[in-house]
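Data first, discussion second: the structure below is written as structure tokens.
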Amino acid sequence: MRKAFKLMILGIAIVTASCAAYVEGSNVKMNKSALKETPPSGEFIDVEGTQVHYQIVGSGPDLIMIHGAGGSLRDFTFSIVDKLKSDFRIILFDRPGHGYTERIAARAQLGESPAEQSNLIFSAAKRIGVKDPIVLGHSFGGAVAMSYVLNNPEDAKALVMVAGVSNEWEGDLDSWYQITNSWAGRNILIPTLSAIAPRSRLEETTAGIFAPNAVPDGYLDHMGIALSKSKTTLQATTQQVNDVKPHIIEMEKRYPSLTLPIEIVHGDLDETVPLKVHGEVLASQVRSANLTVLKNVGHMPQHVSEPQVIAAIKRAANRAGLR
């Protein structure tokens, strides 16, 4: 009986080890695929031991663009950057754990806060000669952009929030974030899903983010399948989103002190970052904020409503005296 029990335990250990080896091998292959299919499009700079990936396009007043959760700077290079590059020098950053920017080592198991991310971007921006920037943030990137202007009021000249996270919300995050907010979720579930999730699953998720609007043709391939569902990206996203709420609560206390021009662009059908919880509340908290509500638009105005987002960026530049 004891021998049979030992054999059973040995069998379970072998199967577990085999599964772990398969998952790890699949993730290694996927990282190689990402490098081949969607290689880094910009340059790298070391900021206190963290490799930061950035790309500079165009000429004119400096415009920093910060992407949302689970994305990369490629979200902006899909289309809108080409329409802005004749009017602005655009500086795009991959946030920590996204695209080709590394996690901030000391925070990799906790989730980098908006302040830690904005400090990293600020330091990189100064090193590459960014001056008097307009700072734009989409979705989670809105929280990072807000932190940037709060903590560097003499540097940033204007803020553009595109469906940006800015205010406290009621209740808990959805079940995905709750499940992955654990050691098992981060270290077993996420690597496994990263290894085995089919393209159809990523298409479904992307459609949900764009809803009720359509996903532009070629968008997912431009973003890169392997890059979008990498283990590092999924881990960074869930940890950062799970950790952000208390930081938002603290930042809100400082909003009335803001005097720089702020342009808010938000879809009225955004269910990911609801207008009534974020855009409308922020507009009521800051006297210098101008809110543009987009009718029948969800969470991706930078693709669905490009002209309105571009107009908001130009208004911010004009209000700041940069054009």
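Here is how the numbers come out for the structure above:
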{"read-out": "Farthest positive-ward along region 218-306 dipole, Cα basis, beta-carbon charges - from 304, 222, 286", "value": "286"}
{"read-out": "Long-range HN-HN contacts of residue 66 with modeled amide H, under 5 Å", "value": "136, 137, 138"}
{"read-out": "Contour minus Cα-Cα distance for residue 243 and residue 128 (0.36 nm per residue)", "value": "38.5 nm"}
{"read-out": "FRET E, pair residue 214, residue 183, Förster distance 56 Å, beta-carbon r, rounded to 0.05", "value": "0.90"}
{"read-out": "Greater than 21 Å apart at Cα, pairs in 36/83; 245/276; 85/157; 157/314", "value": "36/83"}
{"read-out": "Point-to-point label distance, residue 154-residue 276, nm (Cα→Cβ direction, 7 Å offset)", "value": "4.3 nm"}
{"read-out": "Spin-label pair residue 285/residue 172, simplified geometry with 7 Å Cα→Cβ offset, distance in nm", "value": "2.4 nm"}
{"read-out": "Over the chain: helical MRE at 222 nm, DSSP H runs n ≥ 4 each giving -39500 (n - 2.57), nearest 500", "value": "-14000 deg cm²/dmol"}
{"read-out": "Residues whose placed amide H lies under 5 Å from that of residue 60, excluding near-sequence neighbours", "value": "89"}
{"read-out": "Trypsin sites (Lys or Arg not before Pro) within region 56-139: DSSP coil, no more than 14 neighbouring Cβ in 10 Å", "value": "131"}
{"read-out": "Charge dipole of the chain about the Cα centre (unit charges at C-beta), most positive-ward option of 143, 210, 104", "value": "104"}
{"read-out": "DSSP-assigned coil residues among GluC sites (Glu not before Pro) in region 137-204, each with at most 10 further Cβ atoms within 10 Å", "value": "154, 170"}
{"read-out": "The chain: DSSP helices with Cα axial extent of at least 30 Å and average Kyte-Doolittle hydropathy no lower than 0.0", "value": "2-37"}
{"read-out": "Segment residue 323-residue 221, length gained on full extension (0.36 nm per residue, minus Cα span)", "value": "33.2 nm"}
{"read-out": "Within region 182-283, trypsin sites (Lys or Arg not before Pro) in DSSP loop having at most 11 other beta-carbon neighbours inside 10 Å", "value": "253, 276"}
{"read-out": "Unit charges on C-beta of K, R, D, E only; dipole of the chain, Debye", "value": "680 debye"}
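Only the coordinates and a few stated rules stand behind these numbers; no lab work does. Small disclaimer: the values here were computed from a predicted structure and weren't measured. FYI the Cβ positions are ideal-geometry reconstructions off the backbone, even for glycines, and counts take in every protein chain you see.
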